[in-house]
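Everything below concerns the one structure shown next.
The values are calculated or read from the model by the stated rules, or taken from the named source; none is laboratory data. Keep in mind that what you see is a predicted model, and the values were worked out from it rather than measured. Note that each Cβ is placed from the backbone with ideal geometry, even for glycine, and that neighbours are counted across all protein chains shown.
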Amino acid sequence: MRFTCLTELLAAAPKSAPALRAPERPPLSFGDLRAVIEQTLAALNGWGIGRGERVAMVLPNGPEMAAAFLAVASAATAAPLNPAYRSEEFEFYMTDLRARALLVEQGSSSPAVAVAERLGLAVLELSRAELGAGAFTISRRTAGTAAAAASPGAAGPDDIALILHTSGTTSRPKIVPLSQRNVCASAGNVQRTLALGEQDVGLNIMPLFHIHGLIAGLLAPLSAGGCVFCTPGFNALKFFAWMREARPTWYTAVPTMHQAIVARAAGNRAVIAENPLRFIRSSSSSLPPQVIRELEAAFGAPVVEAYGMTEAAHQMASNPLAGKRVPGSVGVAAGPEVAIMDAAGNLLPPGATGEVVIRGVNVTLGYENNPKANAESFSDGWFRTGDQGVLDLEGYLTLTGRLKEIINRGGEKISPREVDEVLMDHPAVAQVVTFAFPHDKLGEEVGAAVVLREGQAAEAKELQKFAASRLADFKVPKKILLLEEIPKGPTGKLQRIGLAQKLGLG
């Protein structure tokens, strides 16, 4: 079934089927979830907030955040924000997205509240209800009258469901509006790729202010009539206890989470054996082939690596669940069309390296109020992802890095991912991020941040020698920093851009 809006997507499952679960909470059925959404829609419309009006959401991860996103996105436009932001960040994002209201937990002490009040936004409060995991009621913190909503009622296919900002690691964050049609198409793409059904239970450990968690973690399983077990966020120490309670059939995560999980798998063999997974999914950045092998050995389940980004409402390509999975590849087109393009806008044949481009129903129609970025990002109907890659004759896509992350060492182009994978083969290495740092003559030089496995030892020189046995001299990192932890982005993703500055090499 292909859905075009959230109301359709959530209406297909039987009323009594469980939709949301959470640790030590009774489940919330699809019927009760739909009732919560209808009540929220009526309340928002009564406060003058209708389709297209932006509601900033600052809520902790969990079932209430999941249900509130579904409710707000069904009635207005949801704009989830990272609860860890500071006042200045909240002010930037709420102003930039032109929010009409802010939704927080009742009694929230978030600095977002003071910012919203200063900006003149309505502050709405969410209170947990007893109906089941995720059930809530909504109230207005400040009394007052509001004009009737200009566009009341449930949102339609072309209304904007979700607004997110790009990460903005190298420039001002860009606003990505995603329509109901975009997000439902992407949820359907993930559902079909993974053959999700009503018998499936997804263990969601991804943040719900990020496209990966919202689409793959939440909407895709719900679109199949399946259930989502909503955790408070990733915690490697609690993962296996959640697994025992949830009895999931699958989970999706970013590589750093998978690495933390597999490091604790040996001590939790009984939990794994009692709760067999149908598959494990990875997305948001490349999963080293070494980690894929460790995960599959530990869980006895296939690891499906996928490729997504905010502008595509998440999924673009994926290794097939049934069929050939290619470690090191993000698989075949899994929703939108995928091609390779050169800088002049020409599509390239299989085997040629260039920029990955996509087009399809799940792809945003363009950044908001940013004609320059749109002119640079769209070419003859194709969206330029900013990623460099190559398609083989069977349609499998291998990413060689972000175009902005490719290291230019005196004219020699180096893919950081290639260096990562070589260093990951060293028995003492647990994590690697290869990055560029400034060099006065060459422009850029190769550096690597390395975390060693617990109980293992290695010197930087030893790792350089190991790399030199497999890589051309110009690709060998000239500086290797041994760290206890590599700095991560808000979703747990390792970030190359800006890492040199964070480590004092900028």
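Listed values, structure above:
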| item | result |
| --- | --- |
| Count of residues meeting criterion [in contact with a Leu (Cβ under 7 Å, 6 or more places away or on another chain) and surrounded by fewer than 17 Cβ atoms within 10 Å (Cβ to Cβ)] in the range 398-427 | 1 |
| Considering residues of the range 179-198 that are among the hydroxyl-bearing types (Ser, Thr, Tyr) and part of a helix (DSSP H, G or I) only, the residue surrounded by the most Cβ atoms within 10 Å (Cβ to Cβ) | SER186 |
| Pick from the range 107-164, criterion in a loop (DSSP other than H, G, I, E, B) and of a type in the set (Ser, Thr, Tyr), ranking: farthest from the chain's Cα centre (by Cα) | THR145 |
| The range 244-271, subset of a type in the set (A, V, I, L, M) and under 21 Å from the mean Cα position of the chain (by Cα), residue surrounded by the fewest Cβ atoms within 10 Å (Cβ to Cβ) | ALA260 |
| So ALA67, is it in a helix (DSSP H, G or I), under 20 Å from the mean Cα position of the chain (by Cα), among the hydrophobic types (A, V, I, L, M, F, W, C) and surrounded by 21 or more Cβ atoms within 10 Å (Cβ to Cβ) | yes |
| Lone unmet requirement of (1) in contact with a Lys or Arg (Cβ under 9 Å, 6 or more places away or on another chain); (2) modelled with pLDDT of 90 or more; (3) within 22 Å of VAL330 (Cα to Cα) for ILE414 | (2) |
| Any pair with Cβ under 8 angstrom, 6 or more apart, that starts in the range 88-104 at a residue that is farther than 16 Å from THR166 by Cα and ends at one that is of a type in the set (Ser, Thr, Tyr) | VAL104/SER110 |
| Residue match in the range 469-481 (condition: out of contact with any strand residue (DSSP E or B) (no Cβ under 8 Å at 6 or more places or on another chain), among the hydrophobic types (A, V, I, L, M, F, W, C) and not assigned by TED's automatic domain parsing to the domain that holds PHE234) | yes |
| Residues of the range 285-334 satisfying the condition of being over 21 Å from ARG402 (Cα atoms) and small (Gly, Ala, Ser) | ALA297, ALA298, GLY300, ALA301, ALA322, GLY323 |
| Those residues of the range 482-506 which are touching a residue at least 12 places away in the same chain (Cβ under 8 Å), among the small types (Gly, Ala, Ser) and outside any helix (DSSP H, G or I), in sequence order | GLY489, GLY492, GLY498, GLY506 |
| Counted residues, the range 199-221 - those being crowded, with 24+ Cβ neighbours inside 10 Å and polar (S, T, N, Q) | 1 |
| Answer residue from the range 451-497, given it is of a type in the set (Gly, Ala, Ser) and under 30 Å from HIS165 (Cβ atoms) and is surrounded by the fewest Cβ atoms within 10 Å (Cβ to Cβ) among those | GLY489 |
| Whichever residue in the range 310-325 is outside any strand (DSSP E or B) and among the aliphatic types (A, V, I, L, M) and, among such residues, is nearest to the chain's Cα centre (by Cα) | ALA313 |
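This table checks each residue for (1) touching a strand residue (DSSP E or B) at 6+ places or on another chain (Cβ under 8 Å); (2) modelled with pLDDT under 95.
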site	(1), (2)
VAL254	yes, yes
ILE272	no, no
ILE280	yes, no
LEU295	yes, no
SER329	yes, yes
